[in-house]
Amino acid sequence: MVFYNFENLFDTIHDPGVLDEEFTPEGPKKWNSAKYTRKIGNLERVLFDIAAEDKDYPVVIGVSEIENRSVMEDVIAQPKLAPGNYRIVHYDSPDARGVDVAFYYRPDVFKLEGSAAIPFKMPELPNFRTRDFVTMWGTIDSEPFFFLVSHWPSRLGGKEASAPKRLAAAKQVKHIVDSVTAANPATKVVVMGDLNDDATDDSIVEGLNAKGKIKEVGKGDMFNPFIGLLKAGYGTLAYRDEWNLFDNIIVSEN
């Protein structure tokens, strides 16, 4: 299972009603077909290198910062990824820039039974628009699995000022997880995404009840292996001379 932030995978066409002018040939990035093709090729290389590490294509790949289904199709149509025979779960989200989260999955291993996009809700900010939580469920080797991918609200305005939005996202995700496991305690739940917080921040540790060591995980808790990675000095992005680890894969206690 893989999560990867595609970092502004926009096509070159302006989409009315979406703030994507930056990623057009006329925009400040001069985003054209050559740049787009190069980016698609770079993503192919990354995902194929991950596949080569295991000598098998990942079963589930959660992605963020993709503009639409079409750009996702371009990635998996690349020669090195086409043999993975991936399918897509994607929903257009209400995000102002038009970026979404989505899944690739291998239908030969993960037997999809359903999917849904769940909107982010924060009663005190009824007009705030951000990415949906995209969920899908089915079985792997006849065992029930539930996947959720999300891209939590950014740190725009500063980490502390924006923290309540990410805590609200965490609590909503935890509510979804608890509902799934209450309906069927055997379901294995995997939460992944760019959470815009470090693995040790309150939104993840308290909002998701995420523990960094398996022996600390109790009933209703979650396990986050990325806490250990962050403490060991690893990160997924560099900002102002320090590592952050915003990209997480967190699993239910079972």
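Descriptive notes on the structure:
- Cα extents for the range 22-61 along the principal axes, largest to smallest and rounded to whole angstrom: 41, 17, 11.
- Candidates THR37, THR130, THR187: whichever shows maximal mean-square fluctuation once the chain is modelled as a Gaussian network with Cα springs under 10 Å: THR37
- Solvent-free Debye calculation, one equal scatterer per alpha-carbon of the range 17-86: log10 I(q)/I(0) at 0.16, 0.17, 0.27 Å⁻¹ equals -0.63, -0.69, -1.31.
- One quarter of the convex hull surface built on the alpha carbon atoms of the range 138-188 amounts to 4.0 nm², the projected area averaged over directions.
- Positive-pole candidate from GLY84, PHE223, VAL180, dipole of the chain, charges at beta carbon: PHE223
- Ellipticity estimate at 222 nm from DSSP helix runs (n ≥ 4, -39,500 (n - 2.57)) divided over the chain, nearest 500: -8000 deg cm²/dmol
- Residues considered: ARG69, ARG240, ARG97. Largest GNM mean-square fluctuation over the chain, using C-alpha springs under 10 Å, is found at ARG240.
- Computed in the context of the full set of protein chains, the accessible area of the chain at 1.4 Å probe radius has 53% of its extent on carbon or sulfur.
- Largest to smallest accessible area among PHE145, PHE10, PHE128 [probe 1.4 Å]: PHE128, PHE145, PHE10
- Values of log10 I(q)/I(0) for the range 22-181 across q = 0.10 Å⁻¹ run -0.44, by the Debye formula with one identical scatterer at each alpha carbon and no solvent.
- The GluC sites (Glu not before Pro) found in the range 1-60 that occupy coil by DSSP, while having at most 13 further C-beta atoms within 10 Å, are GLU26.
- Sorting GLU113, GLU143 by accessible area puts them as GLU113, GLU143; the probe is 1.4 Å, largest comes first, and only protein heavy atoms count.
- For the chain, a Gaussian network of Cα nodes joined below 10 Å ranks ASP100, ASP198, ASP49 by mean-square fluctuation, and the top entry is ASP49.
- Calculated accessible area for the chain comes out at 50 Å² per residue, all protein chains present (probe 1.4 Å; ligands, DNA, RNA ignored).
- Cα-Cα separations in the range 112-176 greater than 16 Å, expressed as whole percent: 51 percent
- Taking all protein chains together and rolling a 1.4 Å probe, TRP137 ends up with roughly 90 Å² accessible.
- Prolate/oblate/rounded call for the range 151-251, Cα gyration tensor, a/c under 1.5 rounded: oblate
- With all protein chains modelled, accessible area of ASP247 [1.4 Å, Å²]: 30 Å²
- The calculated FRET efficiency for the pair PHE128 and ARG240, based on their C-beta separation and a Förster distance of 25 Å, comes to about 0.45.
The values are calculated or read from the model by the stated rules, or taken from the named source; none is laboratory data. On a predicted model such as this, the values are computed, not experimentally measured, just so you know. Every residue, glycine among them, receives a Cβ derived from its backbone with ideal geometry; neighbour counts consider all protein chains shown. Ligands, DNA and RNA are stripped out before the accessible areas are found, and what is left, the full protein with its side chains, is counted by its heavy atoms. Shrake-Rupley method; radii C 1.70, N 1.55, O 1.52, S 1.80 Å.
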